[in-house]
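Below is one structure, written out as structure tokens; comments come after it.
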Amino acid sequence: MGKKVSRRQFLTYTLGSTAGFLASGMLFPMVRFAVDPVLKKGGSAKYVDVNLPISQITQEPKAVQFVIHRKDGWYEPENGESLTAWVMKDESGNVRALSPVCKHLGCTVNWNSNPQYKNQFFCPCHFGRYEKDGTNVPGTPPTKPLDKYKTKIANGRLLIGPVES
Amino acid sequence: MLKAMYEWIDERLDINPIWRDVADHEVPEHVNPAHHFSAFIYCFGGLTFFVVVIQILSGMFLAMYFVPDIVNANASVAYLQNELAMGAIVRGMHHWGASVAIVMLFLHTLRVFFTGSYKHPREFNWVVGISIFFVMLGLGFTGYLLPWDNKAYFATKVGLEIASSVPFLGAYIKTFLQGGDIVGAQTLARFFALHVFFLPAALLGLLGAHFVLIRRQGISGPL
């Protein structure tokens, strides 16, 4: 045994740890309650029929609106949430559906919207640009290519799923 | 390490006298349950404060999920109670704590009354204490409406009818509290604001005054 613990120290440690134990018993439920969104897993997204026959998809990106249903805490919009995908065919004829969310800071990109940058996706917030296949143009703010939606084809129609991770 | 950190701060800010002034004071024998067990009746004031601290903390956390709106209020309460980890416990702390706070406050008032501690020179602190009592009742009343269920709705209707029975001013008080022609959207928004901003601010101010006065005047002597 090393140093002797004085009576005062012993009492300080005992009282301190008892108080700490009681306080943590009180705080734990509240903190766990507050961090619940961090620990919750996201729901699995389904594929949505976007009402677009495959034959109408061309090499030119086309904004396709589709509606998904998901619960936001206690709130579920009756008419769902409207999302957009930029849908096109790539060189080998496969369908590509890009998310319009800019990878810089989350604004919304548009195809061909800036006359200075023909045939590129353009983000008005900080002038981020992407090529037609979604790769970010070097020297502009985004550091990653646009997200791709998972897609499926059923009965000649396009189904859009969650963003590829 | 903690000690070194404390000393570093104390050397610069001289905080030692501040907390010593708050914490270092003698507990007289007649209020110390270690000497006379019956002195536990002197604990009710401190217990009331402890419960108030729990109410403030649990209320802050509940406010992370609660929405004061007639469409979403009940749904957000159901969500935080049923779908979040520990939701029932945090809401339970606030729900039961509200009643415990009133009980403790009442026992404290009884102790002060029967030990005659309200007498000169402590009359003013009695007045402050009674003000705290009314603010706490106000917190209970405004909090009751927030889950926006049937119990909340009709309890508030009854409460507002009682308020409207005040001579001359009743109708004005009722309209002020109701915020509109019916117990509805405006009432809920108003009760929420009163419950989380106005009344807690008043409560903290009054508690501060209550504690300053008790330190100035000291605990009343033995019977």
Inset, instruction - Restricting attention to helices (runs of 4 or more DSSP H) lying wholly within the stretch B:26-132, give those where 2 or more residues are over 18 Å from the mean Cα position of the chain (by Cα). - result: B:73-82, B:87-114
Legend entry - Enumerated strands (runs of 3 or more DSSP E) restricted to the stretch A:1-103, each holding at least 1 residues that are of a type in the set (Lys, Arg): A:62-68, A:81-89, A:95-98
Legend entry - Residue count for the stretch A:65-101, restricted to those that are loosely packed, with under 12 Cβ neighbours inside 10 Å, more than 14 Å from chain B (Cβ to nearest Cβ) and either among the aliphatic types (A, V, I, L, M) or closer than 24 Å to residue B:79 by Cβ (or both): 2
Legend entry - Any hit, the stretch B:175-188, residues being crowded, with 16+ Cβ neighbours inside 10 Å and within 30 Å of residue B:28 (Cβ to Cβ): no
Legend entry - Count - residues of the stretch A:1-34 that are at the interface with chain B (Cβ under 10 Å from one of its Cβ atoms) and exposed (fewer than 10 other Cβ atoms within 10 Å of the Cβ): 0
Legend entry - Qualifying positions in the stretch A:110-150 - touching a Leu at 6+ places or on another chain (Cβ under 6 Å) and in a loop (DSSP other than H, G, I, E, B): A:134, A:146
Legend entry - Test: residue in the stretch A:52-64 that is touching a Gly at 6+ places or on another chain (Cβ under 9 Å) and of a type in the set (Gly, Ala, Ser): yes
Inset, instruction - Being at the interface with another protein chain (Cβ under 9 Å from one of its Cβ atoms) and touching a Leu at 6+ places or on another chain (Cβ under 9 Å) is the filter; apply it to the stretch A:35-61 and report the residue that is farthest from residue A:149 (Cα to Cα). - result: A:36
Inset, instruction - Scan (1) among the aliphatic types (A, V, I, L, M); (2) surrounded by 17 or more Cβ atoms within 10 Å (Cβ to Cβ); (3) facing chain A (nearest Cβ under 10 Å) for the single condition residue B:64 breaks and write down its number. - result: (2)
Legend entry - Failed condition for residue B:122, given (1) surrounded by 14 or more Cβ atoms within 10 Å (Cβ to Cβ); (2) out of contact with any Ser or Thr (no Cβ under 7 Å at 6 or more places or on another chain); (3) of a type in the set (D, E, K, R): (2)
Inset, instruction - Please go through the stretch B:43-93 and pick out each residue that is within 30 Å of residue B:220 (Cα to Cα) and either in contact with a Lys or Arg (Cβ under 7 Å, 6 or more places away or on another chain) or of a type in the set (A, V, I, L, M) (or both). - result: B:44, B:47, B:51, B:52, B:53, B:54, B:56
Inset, instruction - Could you please tell me which pairs satisfy a Cβ distance under 6 Å, a separation of 6+ or placement on different chains, a first residue in the stretch B:142-153 that is at pLDDT below 95, and a second residue that is of a type in the set (Ser, Thr, Tyr)? - result: none
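The values are calculated or read from the model by the stated rules, or taken from the named source; none is laboratory data. Computed from a prediction, not measured in an experiment: that's the story for all the values here. Note that we place each Cβ from the backbone using ideal geometry, even for glycine, and neighbour counts take in every protein chain shown.
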